[in-house]
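The values are calculated or read from the model by the stated rules, or taken from the named source; none is laboratory data. Worth saying up front: this structure is predicted, and the values here are computed from it rather than measured. Cβ atoms come from the backbone with ideal geometry, glycine included; neighbour counts cover every protein chain shown.
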Amino acid sequence: MIKLYAYPRSRSTRVVWMLEEIGVDYEFIKIELLQGAGQAEAYLKIHADGKVPAIDDDGFVLTESAAIMSYLGDKYSACNLLPEPKTQDRARYDEWCFFVLTELEQPLWTVGKHTFVLPEEKRVPEILDVAHWEFLKACNVLEKRLQGKEYALGDSFSAVDILVAHTLRWAHGFGVPSGSALLDAYREKMSARPAFERVMAKESEAS
C-alpha cells in the first residue's frame, strides 16, 4: 500500500486528490508540520527538506507534488489522468504543469511566505503587492488558455485540472482574488467532483 506523508490543506492535497481519482488504497500519514515533525531526523530521511508531500510506494520514495502525480498517473494508466508518454499530448501536459508551478503558484507561495510562513523578522510586507500583481498576470494567461474549454487539456478531466484547481483554491484560501469569473467558476466546478469531496473528508478526519 502507498504511504502518503501529508498535511491537510497543503501541496499534499493535490496528491490526495490524485489518489482519490485513481481509486487506489493508500495510507494517509499526517506530518505535524506546525509542531516541527517535518524536521525530525526520521522524516528528514524521507524528505530532505522536511516538507510534504512524500510517498513511499513499496520502498520507492518520491517527493514533489507534480512529480508524484505524474508517477501515479503513469503507474495507474487505466485512470486516464495523464496522456501517453512520448506524445504531443504529453508534452502539452508537461507545459501546463510547468506553467502552474512556475507562474501561477509562485506568487501565491510568496504571499504565503511573507504572511505567515517565514519568521516575522524575515517577512517583507512590501513584496505582497507585487506578488498579487504577478498572480493576476498569470491568471490572465490562464483564463486565455482555458477559454472555450471544459478542462485544461480539452474534453476530459486530467491531472492538470487537479494542479490548476488546487492552486486556484489555494489562492481563494489566501484571500488572493483571481480577477476572473471564468477561473472562479472552473475552480468551483472541479471542486464539486466526488473525489474532491472525499479529499475534504480525508483531510478533515486528519485535522
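A few notes on this one:
- Residue within the stretch 72-89 that is in contact with a strand residue (DSSP E or B) (Cβ under 9 Å, 6 or more places away or on another chain) and crowded, with 16+ Cβ neighbours inside 10 Å present: yes
- Taking helices (runs of 4 or more DSSP H) as the structural unit, those lying wholly within the stretch 140-207 and holding at least 2 residues that are within 25 Å of D74 (Cβ to Cβ) and not hydrophobic (A, V, I, L, M, F, W, C) correspond to 159-174, 194-206.
- From the list Y151, Y76, the one residue that fits, being assigned by TED's automatic domain parsing to the domain that holds T13 and not small (G, A, S), is Y76.
- Residues satisfying the stated conditions in the stretch 131-167, i.e. polar (S, T, N, Q), over 12 Å from L104 (Cβ atoms) and either over 19 Å from the mean Cα position of the chain (by Cα) or exposed (fewer than 15 other Cβ atoms within 10 Å of the Cβ) (or both): Q147, S156
- In the stretch 17-31, the residues that are more than 12 Å from G73 (Cβ to Cβ) form Cβ pairs under 7 Å with partners that are in a loop (DSSP other than H, G, I, E, B), at six or more places apart or across chains, as follows: D25/M1; Y26/M1; E27/M1; K30/Y7; I31/Y7; I31/V52.
- Once the stretch 168-179 is narrowed to residues that are at pLDDT 95 or above, touching a Leu at 6+ places or on another chain (Cβ under 9 Å) and of a type outside the set (S, T, Y), the residue that is surrounded by the most Cβ atoms within 10 Å (Cβ to Cβ) is L168.
- Those residues of the stretch 190-204 which are touching a residue at least 24 places away in the same chain (Cβ under 8 Å) and surrounded by fewer than 16 Cβ atoms within 10 Å (Cβ to Cβ), in sequence order: S204
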